[in-house]
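The values are calculated or read from the model by the stated rules, or taken from the named source; none is laboratory data. Bear in mind that the values here come from a model prediction, so they are computed numbers and not experimental data. When we count neighbours, we look across all protein chains shown, and the Cβ atoms used for this are built from the backbone with ideal geometry, even at glycine. Only protein heavy atoms, including side chains, enter the accessible area calculation; ligands, DNA and RNA are left aside. Shrake-Rupley method; radii C 1.70, N 1.55, O 1.52, S 1.80 Å.
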Amino acid sequence: ADGYETVLVERRGRTALLTLNRPKALNALNLQVMREVVAAAEALDRDPECGCIVLTGSARAFAAGADIKEMQPRGYLDMYLADWFAAWDRLGQLRTPTVAAVAGYALGGGCELAMLCDILLAADTAVFGQPEIKLGVIPGIGGSQRLTRAVGKAKAMELCLTGRTMDAVEAERAGLVSRIVPADELVEEAMAVAETVAGMSLPVAMMAKESVARAFETTLAEGVRFERRLFHAVFATADQKEGMAAFTDKRPPVFGHR
Ligand code: CO8
């Protein structure tokens, strides 16, 4: 009904599941995938009934990178004038919280796509890496920046310079992923996390997300000030009244998401 070919969209209550669906190419991210995933995510982002978005791939591959065959013949001006991959940045600018549920390969653009999400859950089968150097290129969807912020210079340099991959255990130890889940439970666990987030006040969840994200953009003093302003602002919401009243009354809160 939504007309997408490379991504499946499923709504479950206040959550949504986006499943990359280009199995023959291990979900390689071509321009169509980019257009469709970004459009689907932005449509959900505009929907106040959607409180959390999960992005997943297949058991074999979250995504095996940007589409190498599509890029191979392009020249500098093709890439520059098309501003190749710039639309992916919009995924990082969504206000609705997002969860990446990664099984199998998350290489190159696939790893970068996972890092564009707010929460990163890995199956025990997950494999992360930035192997672009082996193709004579470098990461182009933020990998050199987000991987370095996530795991530090030591591992980021080694991964980007050698193309070596990390398994789920190493990725968790390095701080790239929040948790490892058995592969056959990955999507259900990610949806459970999404349901938890979607049960919170939507504007307050947006502010929590915005505040954490700010840590990657600014100094500590400015970040703390930014957080303090949002903290004061949540006292203008009905959900703050409800959340604190529910605690006092010893009952679960029912957020009106406002
Ligand atoms: N692009 C296009 N097609 C792909 C890709 C890809 N990234 N990955 C896999 N495929 C295709 C294969 O070509 C193959 O297609 P076919 O059946 O038609 O030959 C099919 O998917 C299955 O793949 P394999 O047969 O290779 O499966 P294996 O299980 O043997 O291997 C691997 C799986 C190890 C994941 C292997 O496919 C692989 O190494 N893939 C490439 C991984 C990679 O290098 N990714 C990084 C790509 S570059 C990138 O993401 C960012 C570039 C930034 C550029 C910046 C521009 C601004």
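Taking the Cα centre of the chain as origin, work out the dipole magnitude from +1 charges on Lys and Arg Cβ and -1 charges on Asp and Glu Cβ, in debye rounded to 20.
520 debye
Taking amide H positions as placed in the peptide plane 1.01 Å from N, state which residues far from CYS52 in sequence (5 or more) or on other chains have amide H under 5 Å from it.
Sorted by chain and number, the residues that satisfy this are ALA16.
For the stretch 90-176, take the convex hull of the Cα atoms, compute a quarter of its surface area, and give me that in nm², please.
Spelled out: convex hull of the Cα atoms, projected over all directions, averaged, 5.1 nm².
Using a simple charge model, +1 on the beta-carbon of Lys and Arg, -1 on the beta-carbon of Asp and Glu, nothing else, what dipole does the stretch 40-190 show about its Cα centre, in debye to the nearest 20?
600 debye
Just the accessible area for ASP47, please: 1.4 Å probe, Å², rounded to the nearest 10?
Counting only protein heavy atoms, ASP47 exposes about 40 Å² to solvent.
With contacts defined as alpha carbon pairs under 8 Å and 6 or more residues apart, what's the relative contact order of the chain in percent?
Rounded, it is 16 percent for the chain.
In whole Hz and in residue order, list the ³J(HN,Hα) couplings for the stretch 103-112 that follow from phi through the Karplus curve 6.51 cos²θ - 1.76 cosθ + 1.60, θ = phi - 60°; x for Gly and Pro.
Values per residue, Gly and Pro as x: 10, x, 6, 10, 10, x, x, x, 5, 5 Hz.
Give me the accessible area per residue for the chain, probe 1.4 Å, as a whole number in Å².
Here the residues of the chain average 53 Å² of exposed surface.
Please work out how much length the chain gains when fully extended from GLN93 to ARG179, using 0.36 nm per residue of separation minus the C-alpha to C-alpha distance, in nm with one decimal.
28.6 nm
So in the chain, what percent of DSSP beta bridges are antiparallel if you round to the nearest 5?
Given both bridge residues lie in the chain, the antiparallel proportion sits at roughly 30 percent.
Give the relative contact order (percent, whole number) for the stretch 1-66; include only Cα pairs under 8 Å separated by 6+ residues.
Taking the mean separation of contacting Cα pairs over the length of the stretch 1-66, I get 41 percent.
Using Cα centres only, tell me the gap between the stretch 110-137 and the stretch 215-255 in whole Å.
32 Å
Could you work out the relative contact order of the stretch 138-202? I mean the mean sequence separation of Cα pairs under 8 Å and 6+ apart, divided by the number of residues, in percent.
Result for the stretch 138-202 is 22 percent.
If PHE62, PHE231, PHE247 are ordered by their accessible area, calculated over protein heavy atoms with a 1.4 Å probe, which sequence runs from highest to lowest?
If we order PHE62, PHE231, PHE247 from most to least accessible, we get PHE247, PHE231, PHE62.
Express the Stokes-Einstein translational diffusion coefficient of the chain in µm² s⁻¹, to the nearest whole number, given a Kirkwood radius over alpha-carbon pairs, 10 °C and a viscosity of 1.306 mPa s.
Translational diffusion coefficient: 83 µm²/s.
Running Debye on the stretch 19-141 with equal point scatterers at the Cα sites and no solvent, what base-10 log of I(q)/I(0) appears at q = 0.16, 0.18, 0.19 Å⁻¹?
For the requested q values the scattering log ratios are -0.74, -0.93, -1.03.
How large is the dipole of the stretch 14-120 about the Cα centre if only Lys and Arg carry +1 and Asp and Glu carry -1, each at its Cβ, rounded to the nearest 20 debye?
300 debye
Two-decimal Rg/Rh of the stretch 1-60 from alpha-carbon positions, Kirkwood Rh?
That ratio equals 0.97.
Determine the percent antiparallel among the DSSP beta bridges restricted to the stretch 84-182, to the nearest 5.
The antiparallel proportion sits near 15 percent.
Please figure out what share of the DSSP beta bridges in the stretch 1-140 is antiparallel and state it in percent, rounded to the nearest 5.
The antiparallel proportion sits near 25 percent.
How do HIS257, HIS232 stack up against each other in accessible area, from largest to smallest, with a 1.4 angstrom probe?
Sorted descending by solvent-accessible area, the residues read HIS232, HIS257.
Using Cα centres only, tell me the gap between the stretch 18-78 and the stretch 145-211 in whole Å.
18 Å
Using a basic spin-label model with each label point 7 Å from the Cα along Cα→Cβ, how many nm lie between THR248 and GLU42?
Simple spin-label model gives 4.4 nm for this pair.
Rounded to the nearest percent, how much of the accessible area of the chain (1.4 Å probe, protein heavy atoms only) is carbon and sulfur?
Result for the chain: 58 percent of the exposed heavy-atom area is carbon or sulfur.
Which aspartates and glutamates does LYS69 reach when only Cα atoms under 14 Å apart count, and residues fewer than 8 places away in its own chain are ignored?
GLU132
Could you state, as a whole-number percent, how many of the C-alpha pairs of the stretch 126-242 are farther apart than 26 Å?
That fraction is 42 percent.
Which value in nm describes the separation of the simple spin-label points at TYR80 and GLU195, placed 7 Å from the Cα toward the beta carbon?
My value for the distance between the label points is 5.1 nm.
Any chance you could give the angle, 0 to 90 degrees and rounded to 10, that helix 220-233 forms with the longest Cα principal axis of the chain?
Once rounded, the angle reads 40 degrees.
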